[in-house]
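Chemist: The structure that follows is given in the form of structure tokens.
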There are 2 protein chains.
Amino acid sequence: MPTATRGYAAQSASSPIAPFSFERRDPRADDVVIDILYCGICHTDIHQARNEWGRSKYPMVPGHEIIGRVAAVGKDVKDFKPGDMVGVGCLVDSCHHCDACEHDLEQFCAEGPVFTYNGTDRQDKTTTYGGYSERIVVSRKFVLRLPKGLDPKAAAPLLCAGITTYSPLRHWKAGKGTKLAVVGLGGLGHMALKFGKAFGADVTLFTRTPGKEPEAKRLGADHVVLSTDAKQMKDAAGRFDLIIDTVPNEHDVHPYLSTLKRDSHYVIVGQLTPLIPPVQPGALITGRKSITGSLIGGVAETQEMLDFCGQHGIVSDIETIAIQDINKAYERMLKSDVRYRFVIDMATLKA
Amino acid sequence: MPTATRGYAAQSASSPIAPFSFERRDPRADDVVIDILYCGICHTDIHQARNEWGRSKYPMVPGHEIIGRVAAVGKDVKDFKPGDMVGVGCLVDSCHHCDACEHDLEQFCAEGPVFTYNGTDRQDKTTTYGGYSERIVVSRKFVLRLPKGLDPKAAAPLLCAGITTYSPLRHWKAGKGTKLAVVGLGGLGHMALKFGKAFGADVTLFTRTPGKEPEAKRLGADHVVLSTDAKQMKDAAGRFDLIIDTVPNEHDVHPYLSTLKRDSHYVIVGQLTPLIPPVQPGALITGRKSITGSLIGGVAETQEMLDFCGQHGIVSDIETIAIQDINKAYERMLKSDVRYRFVIDMATLKA
């Protein structure tokens, strides 16, 4: 018999996030039931809650940066037990048999991965509900183990902001000797600085806002380039092996492309709106540069990232909020007024 | 004393290409004087003659697909002698000391390579004049050797159309097992089919025009996909390891991006106008696909390409014209009415 579950949801594109009760499914044989302790707030939550991508289904319970404690497991689950500290990220299922799934890249599943919220369960066809709630039931394969020693609330954003920046840095082999640049210092950007530094790269932050140097250096940057300063941008021409662009809003990529070395990559991880002004092929042709993108990471890589964070003591810089303050938090995020990720303390749901 | 030279030039963006006499410099110590036999007509010639890129200097003598015979050499030139069959492509000089030049990638010279026409000579600061003329004087390093056995007039387009497609196919390792697609069947496209086939790739042509199948297969395509046919495009989803886009005009790249495999590359070699409709990052992020570009090739690689063509009997499919028909040829090119490259027989200059 499905379990009554308290949460917060958007009822339409224009309504605030508000209390909402719903039912979580009974655990299937391979399911893990998780009591949610913390849930990070991702910019995607705002886009989706407000139907800015045009694919939203309501009611919607956002949240895909989930940390919790195992409450129960299905009969076939042998490797998790009640009490274990676990995480759930952006994905809760995939087809398991396509080429992408077979290569541990479930985020690129040919049949479409099942997202943690606003997705459709492959078995019962219900809409998935995310982490702004007291409990979630997830197939064992998509449950991550939280390493000991990490602050659970500060680890929550690793499940999306963390893997979204870890994965491209690994894929494009950022390491010792790499001149890495990160565009934007928000939830994603501050994690990219931390990982870049931990991987041994020489890390530069591009920012439009003067005065961020001390913060950026504390987070792992070796250098800061003010992208609004023509001389600093000119001096950076042809300097970087890899650029990770974490900015979620429309912006001109050409000034940054000019700072790439020959045969280097510009990786978009934050923006989902069209590239305007439109890309000039000459900016790519001259130097054989590429514009590419990266989407979170597969389950195995997400576990690898968590384990790496456990070994290196890496978590997100967060501000904890009560669930009742969620709409205020959205407004502050839209003004970039958060250092660097909001995390909901789900105990407040019972307040 | 500089040599009086007959040629054809544009006097302004709106004037036809017409007879023009000018002086070629006396050979410097490292120069090769070349009597031009044939010159291919590249789409760039039209763009530049008509100032479509906004950087044209007049008078302009276009032409950078040059085949000729050595007439004389400067005193330091030991490896060419009068009578040798040679070629000159898009470049006639570069700085020789930047990182790109040191890696035999003179096309990406940090100080800007000197283009064969509409460029500025590094020594005397004069504007360079190209191959629509009876003679050219070029620094030895930028003179290519024409392998024996190749028809000189059909080899002329190898100097631009050839290397522009050869270089990206080599760089992105097209070979046995590669599913390669070529967008567009013109001067560049037909060379991409020939090289793709010669490298052992499984070659597909994307075309908007029905009925090109026999021609495409004769030139090296294994398959043809009609890009205006929704079903054919859907069937091609996720099929290709590498796509070379040779189309010079504005066109939507998204339908082609959807036919790339995960972690694959879309290489623009033909278009220099902005990518409109603007690129949707989602088309790159989903599958970690990249949009990139490639520009001709360096001198060493151009020689390697010519030698490869000599070994495999590869030349361009051409239509030979008299220089007096140059304006008519431009009009036909704008209607894609050429199979597949016009080459000027420079003997007609003396008619």
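Chemist: Those residues that are under 21 Å from B:Val269 (Cα atoms) and crowded, with 18+ Cβ neighbours inside 10 Å, I need them from the stretch B:305-337; list them, please.
Modeler: The first filter runs over the stretch B:305-337 and keeps only residues under 21 Å from B:Val269 (Cα atoms), leaving B:305-306, B:308-309, B:314-318, B:330, B:333-337.
Across the stretch B:305-337, the qualifying residues are B:Met305, B:Leu306, B:Phe308, B:Cys309, B:Ile314, B:Val315, B:Ser316, B:Ile318, B:Tyr330, B:Met333.
Chemist: Next up: So, in the stretch A:239-256, of the ones that are buried (at least 16 other Cβ atoms within 10 Å of the Cβ) and either within 11 Å of chain B (Cβ to nearest Cβ) or of a type in the set (A, V, I, L, M, F, W, C) (or both), which residue ends up farthest from A:Asp202 (Cα to Cα)? Can you show your working first?
Modeler: Quick first cut of the stretch A:239-256, residues buried (at least 16 other Cβ atoms within 10 Å of the Cβ) only: A:239-248, A:251, A:253, A:255-256.
Now narrow it down to the ones that are either within 11 Å of chain B (Cβ to nearest Cβ) or of a type in the set (A, V, I, L, M, F, W, C) (or both): A:240, A:242-245, A:247-248, A:253.
Values: A:Phe240: 10, A:Leu242: 11, A:Ile243: 12, A:Ile244: 13, A:Asp245: 16, A:Val247: 20, A:Pro248: 24, A:Val253: 21 Å.
Residue satisfying both the conditions and the ranking: A:Pro248.
Chemist: Pick from the stretch A:60-78 the residues that are surrounded by fewer than 24 Cβ atoms within 10 Å (Cβ to Cβ) and assigned to a strand (DSSP E or B): which of them is nearest to the chain's Cα centre (by Cα)? Let's see the steps before the verdict.
Modeler: As a first pass, look at the stretch A:60-78 and keep what is surrounded by fewer than 24 Cβ atoms within 10 Å (Cβ to Cβ): A:69-78.
Then drop every residue that is not assigned to a strand (DSSP E or B), which leaves A:69-73.
On the way: A:Arg69: 20, A:Val70: 22, A:Ala71: 25, A:Ala72: 26, A:Val73: 26 Å.
Only one residue fits best here, namely A:Arg69.
Chemist: Quick check on my filter: what residues within the stretch A:225-238 are touching a Phe, Trp or Tyr at 6+ places or on another chain (Cβ under 7 Å) and either part of a loop (DSSP other than H, G, I, E, B) or surrounded by fewer than 16 Cβ atoms within 10 Å (Cβ to Cβ) (or both)? Give the steps one after another, and end with the answer.
Modeler: Within the stretch A:225-238, the subset touching a Phe, Trp or Tyr at 6+ places or on another chain (Cβ under 7 Å) is A:225, A:227.
Hit for the stretch A:225-238 is A:Ser227, nothing else.
Chemist: Another one. Kindly indicate the residue of the stretch A:102-122 that is out of contact with any Pro (no Cβ under 9 Å at 6 or more places or on another chain) and outside any loop (DSSP other than H, G, I, E, B) and also surrounded by the most Cβ atoms within 10 Å (Cβ to Cβ) among those meeting that condition.
Modeler: That would be A:Phe108.
Chemist: In contact with a Ser or Thr (Cβ under 7 Å, 6 or more places away or on another chain), small (Gly, Ala, Ser) and either assigned by TED's automatic domain parsing to the domain that holds B:Lys179 or under 23 Å from A:Gly293 (Cα atoms) (or both), is that true of B:Gly211? Walk me through it before giving the result.
Modeler: On the way: in contact with a Ser or Thr (Cβ under 7 Å, 6 or more places away or on another chain): no; small (Gly, Ala, Ser): yes; either assigned by TED's automatic domain parsing to the domain that holds B:Lys179 or under 23 Å from A:Gly293 (Cα atoms) (or both): yes.
Spelling it out, it is not the case that B:Gly211 is in contact with a Ser or Thr (Cβ under 7 Å, 6 or more places away or on another chain), small (Gly, Ala, Ser) and either assigned by TED's automatic domain parsing to the domain that holds B:Lys179 or under 23 Å from A:Gly293 (Cα atoms) (or both).
Chemist: Which of the residues spanning the stretch A:257-284 are outside any loop (DSSP other than H, G, I, E, B) and either under 21 Å from A:Asp235 (Cα atoms) or more than 7 Å from chain B (Cβ to nearest Cβ) (or both)?
Modeler: First, the residues of the stretch A:257-284 that are outside any loop (DSSP other than H, G, I, E, B): A:257, A:260-268, A:281-284.
Passing the criteria: A:Leu257, A:Leu260, A:Lys261, A:Arg262, A:Asp263, A:Ser264, A:His265, A:Tyr266, A:Val267, A:Gly282, A:Ala283, A:Leu284.
Chemist: For the stretch A:19-54, what are the residues that are among the small types (Gly, Ala, Ser) and either over 30 Å from A:Val247 (Cβ atoms) or buried (at least 17 other Cβ atoms within 10 Å of the Cβ) (or both)?
Modeler: The first filter runs over the stretch A:19-54 and keeps only residues among the small types (Gly, Ala, Ser), leaving A:21, A:29, A:40, A:49, A:54.
Scanning the stretch A:19-54 gives A:Ser21, A:Ala29, A:Gly40, A:Ala49.
Chemist: Do you know which of the residues in the stretch B:293-351 that are assigned to a helix (DSSP H, G or I) and among the aromatic types (Phe, Trp, Tyr) is farthest from B:Pro113 (Cα to Cα)? Before you say what the answer is, go through the steps one by one.
Modeler: Here is the first cut: in the stretch B:293-351, the residues assigned to a helix (DSSP H, G or I) are B:299-312, B:323-334, B:346-350.
Narrowing further to those that are among the aromatic types (Phe, Trp, Tyr): B:308, B:330.
Working: B:Phe308: 25, B:Tyr330: 26 Å.
Among those that are assigned to a helix (DSSP H, G or I) and among the aromatic types (Phe, Trp, Tyr), it is B:Tyr330.
Chemist: Go through the residues of the stretch B:165-180 one by one and say whether even a single one is hydroxyl-bearing (Ser, Thr, Tyr), touching a residue at least 60 places away in the same chain (Cβ under 8 Å) and part of a loop (DSSP other than H, G, I, E, B).
Modeler: Going through the stretch B:165-180, the residues hydroxyl-bearing (Ser, Thr, Tyr) turn out to be B:165-167, B:178.
Those left that are additionally touching a residue at least 60 places away in the same chain (Cβ under 8 Å): B:165-167, B:178.
Subset that is part of a loop (DSSP other than H, G, I, E, B): B:178.
Within the stretch B:165-180 (the criterion being hydroxyl-bearing (Ser, Thr, Tyr), touching a residue at least 60 places away in the same chain (Cβ under 8 Å) and part of a loop (DSSP other than H, G, I, E, B)), the answer is yes, since at least one residue qualifies.
Chemist: If I ask for residues that are facing another protein chain (nearest Cβ under 7 Å) and not small (Gly, Ala, Ser), which ones from the stretch B:285-305 would you list? Let's see the steps before the verdict.
Modeler: Here is the first cut: in the stretch B:285-305, the ones facing another protein chain (nearest Cβ under 7 Å) are B:285-295.
Within the stretch B:285-305, B:Ile285, B:Thr286, B:Arg288, B:Lys289, B:Ile291, B:Thr292, B:Leu295 qualify.
Chemist: Another question, then. Any chance you could count how many residues in the stretch B:338-351 are basic (Lys, Arg) and crowded, with 22+ Cβ neighbours inside 10 Å?
Modeler: Our first condition is that a residue be basic (Lys, Arg); within the stretch B:338-351, this holds for B:339, B:341, B:350.
Okay, now just the ones that are also crowded, with 22+ Cβ neighbours inside 10 Å, so B:341.
Looking only at that region, the number is 1.
Chemist: Looking at B:Lys57, B:Lys81, B:Lys125, which one is assigned to a loop (DSSP other than H, G, I, E, B), on the phi > 0 side of the Ramachandran plot and either modelled with pLDDT of 95 or more or within 14 Å of chain A (Cβ to nearest Cβ) (or both)? Show your work before the answer.
Modeler: Working: B:Lys57 fails: on the phi > 0 side of the Ramachandran plot; B:Lys81 fails: on the phi > 0 side of the Ramachandran plot.
So the residue among B:Lys57, B:Lys81, B:Lys125 that is assigned to a loop (DSSP other than H, G, I, E, B), on the phi > 0 side of the Ramachandran plot and either modelled with pLDDT of 95 or more or within 14 Å of chain A (Cβ to nearest Cβ) (or both) is B:Lys125.
Chemist: Please go through the stretch A:99-113 and give me each residue that is in contact with a Cys (Cβ under 7 Å, 6 or more places away or on another chain) and more than 10 Å from chain B (Cβ to nearest Cβ), ordered by number.
Modeler: As a first pass, look at the stretch A:99-113 and keep what is in contact with a Cys (Cβ under 7 Å, 6 or more places away or on another chain): A:100-101, A:109-111.
A:Cys101, A:Cys109, A:Glu111 - these are the residues of the stretch A:99-113 that are in contact with a Cys (Cβ under 7 Å, 6 or more places away or on another chain) and more than 10 Å from chain B (Cβ to nearest Cβ).
Chemist: Sticking with this one: For B:Val315, state whether it is in contact (Cβ under 8 Å) with a residue 24 or more places away in the chain, farther than 30 Å from A:Glu102 by Cβ and either within 13 Å of another protein chain (Cβ to nearest Cβ) or under 15 Å from the mean Cα position of the chain (by Cα) (or both). Outline the logic, then answer.
Modeler: On the way: in contact (Cβ under 8 Å) with a residue 24 or more places away in the chain: yes; farther than 30 Å from A:Glu102 by Cβ: yes; either within 13 Å of another protein chain (Cβ to nearest Cβ) or under 15 Å from the mean Cα position of the chain (by Cα) (or both): yes.
Criteria met by B:Val315.
Chemist: Right, A:Asp229: more than 10 Å from every other protein chain (Cβ to nearest Cβ), within 25 Å of B:Gln107 (Cβ to Cβ) and among the charged types (D, E, K, R) or not? Don't jump to the end; show me each part of the working.
Modeler: Values: more than 10 Å from every other protein chain (Cβ to nearest Cβ): yes; within 25 Å of B:Gln107 (Cβ to Cβ): no; among the charged types (D, E, K, R): yes.
No, not satisfied.
Chemist: Ok, one more. Quick check on the stretch A:123-154: of everything there that is under 19 Å from A:Asp45 (Cα atoms) and of a type outside the set (Ser, Thr, Tyr), which residue is surrounded by the most Cβ atoms within 10 Å (Cβ to Cβ)?
Modeler: Checking each candidate, the answer is A:Gly131.
Chemist: I'd like the full set of residues that are in contact with a Lys or Arg (Cβ under 8 Å, 6 or more places away or on another chain) and surrounded by fewer than 24 Cβ atoms within 10 Å (Cβ to Cβ), limited to the stretch B:260-286.
Modeler: Let us first name the residues in the stretch B:260-286 that are in contact with a Lys or Arg (Cβ under 8 Å, 6 or more places away or on another chain), namely B:260-266, B:283.
Result: B:Lys261, B:Arg262, B:Asp263, B:Ser264, B:His265, B:Ala283.
Residues checked against (1) at pLDDT 95 or above; (2) more than 24 Å from B:Ala18 (Cα to Cα); (3) not aliphatic (A, V, I, L, M):
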site	(1), (2), (3)
B:Leu306	yes, yes, no
B:Cys309	yes, yes, yes
B:Ile314	yes, yes, no
B:Asp325	yes, no, yes
B:Arg332	yes, no, yes
B:Lys335	no, no, yes
B:Arg341	yes, no, yes
B:Lys350	no, no, yes
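Chemist: Return a yes/no flag: does the stretch A:186-206 have any residue that is outside any helix (DSSP H, G or I), touching a strand residue (DSSP E or B) at 6+ places or on another chain (Cβ under 6 Å) and either within 30 Å of A:Ala29 (Cα to Cα) or not hydrophobic (A, V, I, L, M, F, W, C) (or both).
Modeler: So far as the stretch A:186-206 goes, yes, one or more of its residues are outside any helix (DSSP H, G or I), touching a strand residue (DSSP E or B) at 6+ places or on another chain (Cβ under 6 Å) and either within 30 Å of A:Ala29 (Cα to Cα) or not hydrophobic (A, V, I, L, M, F, W, C) (or both).
The values are calculated or read from the model by the stated rules, or taken from the named source; none is laboratory data. Predicted model, so just to flag it, every value in this text is computed and none were measured. Please note: Cβ atoms are built from the backbone with ideal geometry, for glycine as well, and neighbour counts cover all protein chains shown.
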